[in-house]
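The values are calculated or read from the model by the stated rules, or taken from the named source; none is laboratory data. Bear in mind the structure is a predicted one, so any value in this text is a computation, not a measurement. So basically every Cβ, Gly included, is an ideal-geometry build from the backbone, and we count neighbours across all protein chains shown. All accessible areas refer to the heavy atoms of the entire protein, side chains included, with ligands and DNA or RNA removed. Shrake-Rupley method; radii C 1.70, N 1.55, O 1.52, S 1.80 Å.
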Amino acid sequence: MSKRGKFIVFEGIDGSGKSTVSQMLYDRINRQIGKVHKTFEPTDSPIGSVIRNILNRRIKSDGKTIAALFLADRLDHIQNDQMGMLKFLNEGTHVISDRYYYSSYAYHVPVLPQDWVIETNKVCADLLRPDIVFYLDITVEESMERINKNRSFKDLFETKEKITTVRKNYLEAIEKEGKKDNVVIINGAQTIEQVFEDVWTATKEILGT
Ligand code: ADP
Ligand code: TYD
């Protein structure tokens with residue numbers, strides 16, 4: 001029987017560096033340590049594809065329904081026989097996920113109360129708690145700057161308000177739940193190399209190498 005793998009999560013507002021840094025961590029673990037699986041939410045399962053169709057406005061829905069779909073997507077992401085994270089972890093593979101339940105705590109508030117979102121996600125926490133969560137912290141202004149470099153048109157005012165709320169919700173959720181999930185706040189405004197160094201130092205401790 002191999003030792004259970006470690007579960008590493010990246011969280012943060014848009015443009016905080018989650019996809020960049022999680023890919024760097026995947027490459028480093030893959031090269032220096034061994035078996036690792038990279039994944040993300042919303043997933044590419046059938047439930048995740050319904051979510052994406054709602055997010056890109058092909059299907060009309062509402063905030064509460066979306067929150068429930070994300071919960072369903074997460075439960076499948078954890079338990080699925082073929083691609084579920086528990087399957088990989090139990091085989092001794094480390095798992096890195098771009099987003100997990102802190103995204104729900106951040107994005108579904110104030111449509112739903114944060115404590116309700118935390119409570120309903122206990123079903124996920126009971127199945128699988130992260131060994132470490134990296135919250136890549138950047139300011140709303142930094143986020144806007146990075147997003148606007150990559151995207152052509154945005155309703156700037158609406159976007160700024162939304163990102164401000166999401167960041168505030170993240171920080172409140174970390175205050176409430178952060179100790180239980182070993183949330184580490186990383187200064188995401190540093191260079192990519194520095195951000196990665198901070199992440200790698202903490203990851204090595206978790207992996208015991
Ligand atoms: P996310 O997945 O959190 O939305 P990305 O990793 O896609 O963020 O990064 C968004 C953009 O910001 C990309 O163009 C990326 O190259 C850039 N970026 C990421 N981290 C940094 C950083 N520390 N400093 C400067 N630019 C960064
Ligand atoms: P993502 O694919 O990370 O978007 P992007 O590449 O544009 O950063 O995530 C899609 C969106 O889903 C993002 O706006 C955050 C949102 N989301 C929720 O609203 N609830 C959740 O539980 C999760 C995991 C994501």
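As a rough guide to protection, the peptides 164-177, 190-203 ranked by mean Cβ packing within 10 Å, highest first, stand as 164-177, 190-203. For region 97-134, the residues whose backbone nitrogen is under 18 Å from a point 7 Å from the Cα of K64, taken along Cα to Cβ, are 105, 107-121.
The mean accessible area for residues of the chain, using a 1.4 Å probe and ignoring ligands and nucleic acids, is 53 Å² per residue. Surface composition of region 7-207: carbon and sulfur atoms hold 52% of the protein heavy-atom accessible area at a 1.4 Å probe. For the residues M85, M144, a 1.4 Å probe over the protein chains yields an accessible-area ranking, largest first, of M144, M85.
When peptides 121-129, 88-96 are sorted by average Cβ neighbour count within 10 Å, with the highest value leading, the order is 88-96, 121-129.
In terms of the mean number of neighbouring beta-carbon atoms within 10 Å, the peptides 23-29, 104-110 order highest first as 104-110, 23-29.
One decimal place: the segment K204-S19 gains 64.6 nm when fully extended, by the rule 0.36 nm per residue minus the C-alpha distance. Heavy-atom accessible area with a 1.4 Å probe sorts S2, S103, largest first, into S2, S103.
Dipole check for region 7-207: with +1 at the C-beta of Lys and Arg, -1 at the C-beta of Asp and Glu, and the Cα centre as origin, the magnitude is about 460 Debye. The share of C-alpha pairs in the chain whose separation exceeds 32 Å stands at 14 percent.
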